[in-house]
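Novice: Have a look at this one.
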Amino acid sequence: MKVYFLGHAVVYIEASKKMIIDPFLTGNPQAKKSIADFKELDYILITHGHGDHIGDTVELAKKTNATVISNFEIINYLSFKGLKNLHPMHIGGRKKFDFGSIKMTTALHGSGIIEGDNIIYGGNPGGFIVEIDGKKIYHSGDAGLTKDMELLSLEKIDLAFLPIGGNFVMDIEDAVIATKMIKPKIVVPFHYNTWEIINANADVFKRKVESLKIKCEILTPGDYIEF
């Protein structure tokens, strides 16, 4: 299994199934991949409705016939865009699949979908715990720090992706606290340095996390972790 970081909050899992989370490729200053690079996808997961997360979902889903998983409101929105392979979930729900399971988690954030001058209700923002081929991967989405994260330690997370960029999401200090509560085997910082407003020093995060005896991997876009 390979788990790639593709820039900003884009995570691509290449295992018994191929899935991408928050596929913001077009317009992403960090992205090293484009829509053209994806010939096959089984699943597309969307944490919330903001453009830097819902991204290229419609184009990728039409191209690959992937099943899109998100909250109920976003799935209904995507049905109006002509997508057919859609699976709605919601916060706290877990669903078994042939590869393992997916659970939606809380994320303190927003989820409005902006189209022109309109803001469309995008339901509750969330994160995902993806259990695939015996490993658990946590993608927090755009999360603020919350005590709910303590419960994630019960999930025995193998690999966690947490934001550190501040302003819209957790900053380094809060992300360190979140890591301490979640207790993943490995943590990867993301959602930073895409734009100046979310600049952060990942090396500082790494030092602080590893003082807790938790392994931290800093991935540049295109890098991956292999299990």
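The values are calculated or read from the model by the stated rules, or taken from the named source; none is laboratory data. Computed from a prediction, not measured in an experiment: that's the story for all the values here. Please note: Cβ atoms are built from the backbone with ideal geometry, for glycine as well, and neighbour counts cover all protein chains shown. Ligands, DNA and RNA are stripped out before the accessible areas are found, and what is left, the full protein with its side chains, is counted by its heavy atoms. Shrake-Rupley method; radii C 1.70, N 1.55, O 1.52, S 1.80 Å.
Novice: Filter segment 187-227 down to the residues that are more than 28 Å from Ala15 (Cβ to Cβ), open to solvent by less than 30 Å² (accessible area, probe 1.4 Å) and in a loop (DSSP other than H, G, I, E, B) and list them by number.
Specialist: Answer for segment 187-227, where residues must be more than 28 Å from Ala15 (Cβ to Cβ), open to solvent by less than 30 Å² (accessible area, probe 1.4 Å) and in a loop (DSSP other than H, G, I, E, B): just Ala200.
Novice: Just the residues that are open to solvent by 30 Å² or more (accessible area, probe 1.4 Å) and either among the hydrophobic types (A, V, I, L, M, F, W, C) or farther than 22 Å from Gly123 by Cβ (or both), please, taken from segment 32-61.
Specialist: The answer is Lys32, Lys33, Ser34, Ile35, Ala36, Asp37, Lys39, Glu40, Asp42, Val58.
Novice: Exactly one condition in (1) closer than 16 Å to Lys183 by Cα; (2) open to solvent by 20 Å² or more (accessible area, probe 1.4 Å) is false for His139; which is it?
Specialist: The number of the failed condition is (2).
Novice: Could you say which residue among Phe128, Phe205 is farther than 22 Å from Pro23 by Cα, out of contact with any Asp or Glu (no Cβ under 7 Å at 6 or more places or on another chain), modelled with pLDDT of 95 or more and aromatic (Phe, Trp, Tyr)? Reasoning before the result, please.
Specialist: Working: Phe128 fails: farther than 22 Å from Pro23 by Cα.
Just one listed residue meets the conditions, Phe205.
Novice: For the subset of segment 94-124 comprising residues that are of a type in the set (A, V, I, L, M, F, W, C) and either free of Cβ contacts under 8 Å to residues at least 60 places away in the same chain or over 16 Å from Ile46 (Cα atoms) (or both), which member is most open to solvent (accessible area, probe 1.4 Å)?
Specialist: Just the residues of segment 94-124 that are of a type in the set (A, V, I, L, M, F, W, C), to begin with: 97, 99, 102, 104, 107-108, 113-114, 119-120.
Within this subset, residues satisfying the condition of being either free of Cβ contacts under 8 Å to residues at least 60 places away in the same chain or over 16 Å from Ile46 (Cα atoms) (or both) are 97, 99, 102, 104, 108, 119.
Values: Phe97: 41, Phe99: 17, Ile102: 0, Met104: 1, Leu108: 104, Ile119: 131 Å².
Across segment 94-124, the extreme among qualifying residues is Ile119.
Novice: So which of Ile13, Ile69, Ile75 ends up being of a type in the set (Val, Ile, Thr), at pLDDT 95 or above and in contact with a Phe, Trp or Tyr (Cβ under 7 Å, 6 or more places away or on another chain)?
Specialist: On inspection, the qualifying residue turns out to be Ile69.
Novice: For segment 12-54, how many residues are under 28 Å from Asn199 (Cα atoms), small (Gly, Ala, Ser) and assigned to a loop (DSSP other than H, G, I, E, B)?
Specialist: In the first step, residues of segment 12-54 are kept if they are under 28 Å from Asn199 (Cα atoms); the result is 12-13, 19-35, 37, 44-54.
So of that shortlist, the ones also small (Gly, Ala, Ser) come out as 27, 31, 34, 49, 51.
Filter again for assigned to a loop (DSSP other than H, G, I, E, B), leaving 27, 31, 34, 49.
Residues in segment 12-54 being under 28 Å from Asn199 (Cα atoms), small (Gly, Ala, Ser) and assigned to a loop (DSSP other than H, G, I, E, B): 4 in total.
Novice: Can you find a residue that is under 17 Å from the mean Cα position of the chain (by Cα), assigned to a strand (DSSP E or B) and surrounded by 14 or more Cβ atoms within 10 Å (Cβ to Cβ) anywhere in segment 142-154?
Specialist: No - not one qualifying residue is present in segment 142-154.
Novice: Taking segment 87-108 only, how many residues are polar (S, T, N, Q) and either out of contact with any helix residue (DSSP H, G or I) (no Cβ under 8 Å at 6 or more places or on another chain) or modelled with pLDDT under 95 (or both)?
Specialist: Residues in segment 87-108 being polar (S, T, N, Q) and either out of contact with any helix residue (DSSP H, G or I) (no Cβ under 8 Å at 6 or more places or on another chain) or modelled with pLDDT under 95 (or both): 1 in total.
Novice: Right, Ile69: open to solvent by 50 Å² or more (accessible area, probe 1.4 Å) and either part of a strand (DSSP E or B) or over 21 Å from Glu226 (Cβ atoms) (or both) or not?
Specialist: No: the conditions fail for Ile69.
Novice: Can you find a residue that is part of a strand (DSSP E or B) and open to solvent by less than 20 Å² (accessible area, probe 1.4 Å) anywhere in segment 164-186? Before you say what the answer is, go through the steps one by one.
Specialist: Kept after step one, since they are part of a strand (DSSP E or B), are these residues of segment 164-186: 186.
Still in the list and also open to solvent by less than 20 Å² (accessible area, probe 1.4 Å): none.
Checking segment 164-186: not a single residue is part of a strand (DSSP E or B) and open to solvent by less than 20 Å² (accessible area, probe 1.4 Å).
Novice: In the set Gly82, Gly127, Gly110, which member is under 27 Å from Val187 (Cα atoms), out of contact with any Pro (no Cβ under 7 Å at 6 or more places or on another chain), among the small types (Gly, Ala, Ser) and not in a helix (DSSP H, G or I)?
Specialist: Working: Gly82 fails: under 27 Å from Val187 (Cα atoms); Gly110 fails: out of contact with any Pro (no Cβ under 7 Å at 6 or more places or on another chain).
It is Gly127.
Novice: Select from segment 131-154 the residues that are touching a strand residue (DSSP E or B) at 6+ places or on another chain (Cβ under 7 Å) and of a type in the set (A, V, I, L, M, F, W, C) and write down the one among them that is nearest to Lys17 (Cα to Cα).
Specialist: Here the residue is Ile132.
Novice: Right, next: Filter segment 1-11 for residues that are more than 17 Å from Val68 (Cα to Cα) and assigned to a strand (DSSP E or B); which is nearest to the chain's Cα centre (by Cα)?
Specialist: This residue is Phe5.
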